[in-house]
Amino acid sequence: METNYTPQDYKSSGKVKWCPGCGDHAVLNTLHKAMAELGVAPDQMAVISGIGCSSRLPYYMNSYGFHTIHGRASAIATGLKTANPDLTVWQVTGDGDCLAIGGNHFIHAVRRNVDLNIILMNNRIYGLTKGQYSPTSPKGFISKSSPYGTVEEPFRPAELCLGARGQFFARLLDVDLKNSQETLVAAARHKGCSVVEALVNCVIFNDGTHRDIQEKEFRADRTIYLRHGEKMIFGNNRDKGLMLDGFQLKVVTIGQNGITEDNILTHDAHCIDNTLHFKLATMTGPDFPVALGVIRDVEAPTYEEEVRRQVADVQAKRPQVKCLNDFFKTLETWEIK
Amino acid sequence: MIVTNKTLDKAVIRFCGDSGDGMQLTGTLFSTLSAVFGNEISTFPDYPAEMRAPQGSLSGVSGYQVHIGAQKIYTPGDQADVLIAMNPAALKTNVKNIKRDAVVVIDEDTFDQSGLEKAEFKTDNPFKELNIESAQILSVPISSLTKSSLADSGLDNKSILRCKNMFALGFVCWLFNKPLEQAEHLLGNKFGKKPTLLQANLKVMTDGYNYGHNIHASVSTYTVNPTKMEKGTYTDVKGNQATAWGLIAASEKSGLPLFLGSYPITPATDILHELAARKELGVKTVQAEDEIAGVCTAIGAAFGGNLAATSTSGPGIALKSEAIGLAVMAELPLVVIDVQRGGPSTGLPTKAEQTDLLQALYGRNGESPCVVIAASTPANCFDYAFQAAKIALEHMTPVILMTDAFLANGSSAWRIPDMKDYPAIVPPFVPEEMQGQWAPYLRNDKNFVRYWAVAGRKGFAHRIGGLEKDGRTGAISTDPENHQRMTDLRQKKVDAIAQVIPPLKVEGDPTADVLVVGWGGTYGHLYAAVEELNAAGRKTAMAHFNYINPLPANTAEVLSKYKKIVVCELNNGQFAAYLRSKMPAGLDIRQFDKVQAQPFSVEEVREAVLAQF
């Protein structure tokens, strides 16, 4: 769809200061393109962030932007969207900002279904503070604050999102530009809280954390791009697919053991029951491909619209109270003459 | 016996019982009907932190004190003339709050072996044990009379007993010669939707009144005559309600929707309750996941152009500190309400203290000036909430409004204002013609306030944040000179507000040598003490502060006139220390401090000030 905007219209004059090779650049450029495709005017959108490398992103957008404090972007964005439901509100956050210090605000924004588009840039490391392990670093991860390896299990963002009754979860890979734009556009179009986990590389402190799936030669074999209504087929030769085996998913090869395309699952992102979305979102190698694209996309009433509706309903029921003077007349009062 | 009648200038009545006995309702009804009758009123609820402590236990006693007057009264009163004790525990925990010759009404049905044991009495004569034999004890079988009154009502036993507070109310109405018609009207409003309960409560109340009339008790009844109050329509208002309504008033006068982000916390929660109920006036409330989210949602709403507020108590202020600093740095309007309670830590959640002052003034990282103002009566919480919002919006700054548990839950009669008498609130929106030349931190050079472009306004997209920024372009800046300049500007912006707030005024006898100084919720007690001192020939002046940062412009001028300054506050001298840091050297600033999580008594203030003469 043609709109009146080009990606250039969303670029601010601020000089981008991320390290060369950082995965955040790709997400920023994709967001510029996605906004141009959506055609929302730059001054009708706001980007809210917390603290961390990824949270610098608002400075690079020619929109309204608020670079706030560590972990609180979800709460600030919730207030902004509730106050001004007509704005398109993005939240940009990282694995530390969103899942450690901001974990509580994140799950509640998801639970309330505030219409925010949350880009969670997951590089499994604290970059801005120069290399400590994060809540998504794998167990045993060696970093400056875990010289002998971590002894704790990581979060998987999809589990938190779906566990908090999230209605939209998608995943993108920094190097996969074309599909990333489609994913961000879908997140923006979804009414309700959209969580997009962006798997990004930290070239300085955690280089290659997503190498298993980033490298072009095996990306097609190790990831599956999901689209609603399409067969769950992947692989360099498009000959692999997903099927259900009892309650479990399994990877099959089309043409072997009598399996045809018809046997392969068709992706239903709109299914209200999230059981299969859970399974898809938590697939990992080497036995399974990592799911990219929109995994869950279910329409549900949004928080800010419910707030607006409730105000309108009460106003309709109490038409005699339009201002404070009217309200005072409804109190228990007495006259002194 | 002959029933005599005494006319009093004022009287203090304290209702107390088990926390399930409905004493808060009884007290509220009695104060309202006294006000309707034309008395001055001031009330103070005193309830336990536990929702339901064991029945009959000392920790489960809930009280409600009402001060009624035929003249101006300023406090809920030090000691009660009349105590209604619905059980032995209520008697035991409240004897310290009564006068020597007080009338004590007890429900004698509860003074059995079991009741006395639950209240940890050691003998079977509680009056002797408490050394209150000089009081006039009126032993009334309230429970059994309530049961016989409602024997034919069809209500179950439990529901019947829940009406016994109405028997007490009826009896007290007789004691104070209050006609029952108004009480009937009030009950009608309360129970209107439940006709069976309404009838039962009305019958018990009437029987309580008639019982007093018929027993020929050897006690005098009292009359407190109506006072001459300013003409108008009045209501009984609690501080938290008034605070909530003051914010709505500011929303109307600024034309900005009101947004409250809040997390439940005693004693501030009623502000959230009241605003959540005011949807007909367009108020949006978010019950946030925690205190931090409460203030952060408000900051987001401010960025989006709402009048944004958050309500809390001391522990919540501690949690919100970093975010308040963000509002200081981003220069966004924000109202933060601190309904103070006893501290530190969880402290005494239902009790009042003034121990958050230095936290409000200084409890943030960096040089982080906030406006701090304080309400001083339950009713003027309305005006100071309005002022807090007006200053926040017109000066693009967070404003911390200090109230306390005493103001929040206490009530006084309030002459309902007409909103047309309140001033307009005019936020410094960027003029349209600045489009193209505007940057987010360009300021008005008179009051140093930056121009505001609300997120979503066409043509003014911009970025702000918690990092230091260049004063001209708004871009991130670590330049040392710029940081000094911005620090100075943020301070000057707050200091300049001294030019728009009212001057400090002196009450009592301005020609005195001794000046009593207070701030916030202690006004009534300090004023009553100063009035008594002057009446006794001890010339005393008084200056009470509602504006704390910045101080009124004439503060040094006023304080310099007095030989001795006695700062009275419910903390260890926080305002005194602040004044010493702000005032010229050489002032004789003394302190009278109390940290018992209770209001001052007029008597102790009077004696403390007298000791300074």
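Does B:Tyr222 fit the bill of being out of contact with any Gly (no Cβ under 7 Å at 6 or more places or on another chain), within 14 Å of chain A (Cβ to nearest Cβ) and either under 16 Å from B:Ser31 (Cα atoms) or assigned to a helix (DSSP H, G or I) (or both)?
no
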Those residues of region B:84-142 which are of a type in the set (D, E, K, R) and free of Cβ contacts under 8 Å to residues at least 12 places away in the same chain amount to B:Lys96, B:Asp112, B:Glu117, B:Lys122, B:Asp124, B:Lys128, B:Glu129, B:Glu133
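Restrict the check to region B:257-267 and report whether at least one residue is over 22 Å from the mean Cα position of the chain (by Cα) and assigned to a loop (DSSP other than H, G, I, E, B).
Yes - at least one qualifying residue is present in region B:257-267.
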Leading residue by the ranking (surrounded by the fewest Cβ atoms within 10 Å (Cβ to Cβ)) among those in region B:319-355 that are of a type in the set (Lys, Arg) and part of a loop (DSSP other than H, G, I, E, B)
B:Lys351
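Just to check your reading of the model, which residue among B:Met419, B:Met396 is over 18 Å from the mean Cα position of the chain (by Cα), within 13 Å of another protein chain (Cβ to nearest Cβ) and in contact (Cβ under 8 Å) with a residue 40 or more places away in the chain?
It is B:Met419.
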For region B:363-390: of the residues being charged (D, E, K, R) and part of a helix (DSSP H, G or I), which is surrounded by the fewest Cβ atoms within 10 Å (Cβ to Cβ)?
B:Asp383
Out of A:Gly96, A:Gly50, I need the residue that is more than 21 Å from B:Phe303 (Cα to Cα) and more than 8 Å from chain B (Cβ to nearest Cβ). Which one?
A:Gly96
Out of the residues in region B:496-527 meeting the condition of being within 18 Å of B:Glu603 (Cα to Cα) and small (Gly, Ala, Ser), tell me which one is surrounded by the most Cβ atoms within 10 Å (Cβ to Cβ).
B:Gly521
Got a number for residues in region B:164-201 being touching a residue at least 24 places away in the same chain (Cβ under 8 Å) and part of a helix (DSSP H, G or I)?
23
Mind checking whether some residue in region A:75-87 is part of a strand (DSSP E or B) and surrounded by 20 or more Cβ atoms within 10 Å (Cβ to Cβ)?
no
Yes or no: region A:243-258 includes at least one residue that is touching a residue at least 60 places away in the same chain (Cβ under 8 Å) and over 29 Å from A:Pro154 (Cα atoms).
no
Looking at region B:424-435, can you tell me whether even one residue there is within 30 Å of B:Gln484 (Cβ to Cβ), crowded, with 18+ Cβ neighbours inside 10 Å and more than 17 Å from the chain's Cα centre (by Cα)?
yes
Taking region B:504-529 on its own, how many of its residues are more than 12 Å from B:Ala541 (Cα to Cα) and in a strand (DSSP E or B)?
1
In region A:282-337, residues that are assigned to a helix (DSSP H, G or I) and either surrounded by 15 or more Cβ atoms within 10 Å (Cβ to Cβ) or not hydrophobic (A, V, I, L, M, F, W, C) (or both) total 18
Looking for whichever is in contact (Cβ under 8 Å) with a residue 40 or more places away in the chain, in contact with an Asp or Glu (Cβ under 8 Å, 6 or more places away or on another chain) and assigned by TED's automatic domain parsing to the domain that holds B:Gly586 here; the options are B:Val516, B:Val558, B:Val530. Which one fits?
B:Val530
Per-region count, region A:59-82, residues touching a Pro at 6+ places or on another chain (Cβ under 8 Å) and more than 7 Å from chain B (Cβ to nearest Cβ):
1
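Go through the residues of region A:286-297 one by one and say whether even a single one is within 7 Å of chain B (Cβ to nearest Cβ) and over 24 Å from the mean Cα position of the chain (by Cα).
No, region A:286-297 contains no residue that is within 7 Å of chain B (Cβ to nearest Cβ) and over 24 Å from the mean Cα position of the chain (by Cα).
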I'd like to check which strands (runs of 3 or more DSSP E) are fully inside region B:59-149 and have at least 3 residues that are buried (at least 22 other Cβ atoms within 10 Å of the Cβ) and of a type outside the set (D, E, K, R).
B:61-69, B:80-85, B:98-107
Residues satisfying the stated conditions in region B:449-484, i.e. surrounded by 15 or more Cβ atoms within 10 Å (Cβ to Cβ), of a type in the set (Lys, Arg) and more than 9 Å from every other protein chain (Cβ to nearest Cβ)
B:Arg450, B:Lys469
Answer with yes or no whether B:Pro48 is under 18 Å from the mean Cα position of the chain (by Cα), of a type outside the set (A, V, I, L, M), farther than 21 Å from B:Leu169 by Cβ and in a loop (DSSP other than H, G, I, E, B).
yes
Would you call A:Ala109 small (Gly, Ala, Ser), touching a Gly at 6+ places or on another chain (Cβ under 8 Å) and surrounded by 18 or more Cβ atoms within 10 Å (Cβ to Cβ)?
no
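The values are calculated or read from the model by the stated rules, or taken from the named source; none is laboratory data. Remember, it's a predicted structure, so these values are computed and weren't measured experimentally. Every residue, glycine among them, receives a Cβ derived from its backbone with ideal geometry; neighbour counts consider all protein chains shown.
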